[in-house]
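Nothing in this text is a laboratory measurement; each read-out follows from the coordinates by a stated rule. Remember, predicted model here, so these are calculated numbers, not experimental data. Cβ atoms come from the backbone with ideal geometry, glycine included; neighbour counts cover every protein chain shown.
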Amino acid sequence: MSAALQFVDVQLSYGARQVINGISCGFVPGQVTGLVGPNGAGKTTLLRLGLGLLVPGSGEVTLLGRSLRQWDAQDRARALAYLPQSNEAHWPMLARRVVALGRLPHEASLKRLRGADEEAIAKALARCDATGLADRRMDGISAGERARVLLARALATQAPVLLADEPAAHLDPGHQLQLMQLLREEAGRGTAVCVTLHDLALAVRFCDRLLVMKAGRIVAAGAPAAALSDEVLAEVFGVGALRLNDQGGRELLLIRSLEEG
């Protein structure tokens, strides 16, 4: 299956510093692709290139088979949903109104939503188990509840591509698992999902494929357990791992220091 969002030999520099160096990869419909790597590896920058917020110095980014440069801003916003890194949305605003922001690319008016907009908002809230939060203010709900509302905002766009930047950061373990399961379910509906993660155990458990980044390059790619080989873990992250299997036979990682052997 062809990638919904494709990078072809993409490079980007900030002055003399090259931050993305010859990256070629793609995000496929129906899959969760994880971007992992240490701080400063270029993960968020790659997402910003995919969103059209940055323009590559060379190479090409294509969206649904067409150069990203050829998309106008509104059409691009309909095709690309974005869940940003921070969920510190302490706004005196009802959660339902926040989710409604996801309909703006469809020329929705927040003062008068159309039937299709109301339906998309209701479905997004339900899928994120956030219907009961709809009439509560964002500054009066917990971090985990805010994360569900912000994901619902992204889902309300009904875009074929969803990019999520560290969505599990600052959440407790239970809410991390819940959020990652929601991303898996969204991929199951045919969306191409890409998520940046620092938690390698979450990445192995929930992603179909991993791209491991270091210093602006992809140094390993493939099925999670294979991409995070012992050699890659040591070279990129400076850690080792104990490898276990869950009841379904899927490999799990227990991260440990290299000194532990």
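Brief remarks follow.
- Test for GLU185: is it within 16 Å of the chain's Cα centre (by Cα), of a type in the set (Asp, Glu) and either surrounded by 16 or more Cβ atoms within 10 Å (Cβ to Cβ) or closer than 23 Å to LEU5 by Cβ (or both): yes
- Candidate set: the range 202-226, residues that are touching a residue at least 60 places away in the same chain (Cβ under 8 Å) and small (Gly, Ala, Ser); chosen: the one farthest from GLY30 (Cα to Cα): ALA215
- Of the criteria (1) within 20 Å of the chain's Cα centre (by Cα); (2) without any contact (Cβ under 8 Å) to a residue 24 or more places away in the chain, which one PHE27 fails: (2)
- Residue check, ARG48 without any contact (Cβ under 8 Å) to a residue 40 or more places away in the chain, out of contact with any Ser or Thr (no Cβ under 8 Å at 6 or more places or on another chain) and closer than 23 Å to SER2 by Cα: yes
- Number of positions in the range 233-261 that are touching a residue at least 60 places away in the same chain (Cβ under 8 Å) and β-branched (Val, Ile, Thr): 1
- Qualifying residue in the range 138-146 (condition: under 14 Å from the mean Cα position of the chain (by Cα) and part of a loop (DSSP other than H, G, I, E, B)): no
- Filtered by the rule that a residue be among the charged types (D, E, K, R) and under 25 Å from the mean Cα position of the chain (by Cα), the range 244-261 gives ASP246, ARG250, GLU251.
- The sole residue among ALA164, ALA147 that is of a type in the set (A, V, I, L, M), in contact with a Pro (Cβ under 7 Å, 6 or more places away or on another chain) and buried (at least 20 other Cβ atoms within 10 Å of the Cβ) is ALA147.
- Those residues of the range 220-254 which are out of contact with any Lys or Arg (no Cβ under 9 Å at 6 or more places or on another chain), among the aliphatic types (A, V, I, L, M) and surrounded by fewer than 16 Cβ atoms within 10 Å (Cβ to Cβ), in sequence order: ALA226, ALA234, LEU244
- Taken over the range 167-179, residues that are surrounded by 22 or more Cβ atoms within 10 Å (Cβ to Cβ) and in contact with an Asp or Glu (Cβ under 9 Å, 6 or more places away or on another chain) amount to 1.
- When the range 27-39 is limited to residues that are among the small types (Gly, Ala, Ser) and in a loop (DSSP other than H, G, I, E, B), the one that is surrounded by the fewest Cβ atoms within 10 Å (Cβ to Cβ) turns out to be GLY30.
- Cβ-Cβ under 6 Å pairs, at least 6 apart or on other chains, the range 180-198 side over 13 Å from ALA154 (Cα atoms), far side in a loop (DSSP other than H, G, I, E, B) and charged (D, E, K, R): THR196/GLU166
- Selection count, the range 118-172, where residues are free of Cβ contacts under 8 Å to residues at least 24 places away in the same chain and either in contact with a strand residue (DSSP E or B) (Cβ under 9 Å, 6 or more places away or on another chain) or among the β-branched types (Val, Ile, Thr) (or both): 1
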